[in-house]
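Input: a single structure, listed below in structure tokens.
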Amino acid sequence: LSGVHSQPLVAMEQYGLIEMIGEENVHGHIDGALNRARQLLGLPLVPRNGY
């Protein structure tokens with residue numbers, strides 16, 4: 001999961017969804033989310049482009 005705006009993120013935390021999903025699976029940017037997917041699939045990580 002990536003790029004969740006603050007209000008939905010707060011609601012997700014209040015209802016326990018972040019705990020169910022796992023904090024390690026919630027990312028502020030798509031690159032982090034894609035690297036997490038790569039990690040789960042056993043693929044090499046791709047470095048971010050400085051942002």
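The values are calculated or read from the model by the stated rules, or taken from the named source; none is laboratory data. Not measured: the values here are computed from a predicted model. Please note: Cβ atoms are built from the backbone with ideal geometry, for glycine as well, and neighbour counts cover all protein chains shown.
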Just checking, how many residues over the stretch 1-42 are surrounded by fewer than 10 Cβ atoms within 10 Å (Cβ to Cβ) and touching a Ser or Thr at 6+ places or on another chain (Cβ under 9 Å)?
0
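Which residue out of Leu40, Leu1 is modelled with pLDDT of 95 or more and not hydroxyl-bearing (Ser, Thr, Tyr)?
Working: Leu1 fails: modelled with pLDDT of 95 or more.
Matching residue, one of Leu40, Leu1: Leu40.
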Determine the pairs where a residue that is more than 24 Å from Asn35 (Cα to Cα), located within the stretch 1-16, has a partner that is in a helix (DSSP H, G or I) and not charged (D, E, K, R) with Cβ atoms under 9 Å apart, the partner being 6 or more residues away or on another chain.
Ala11/Leu17
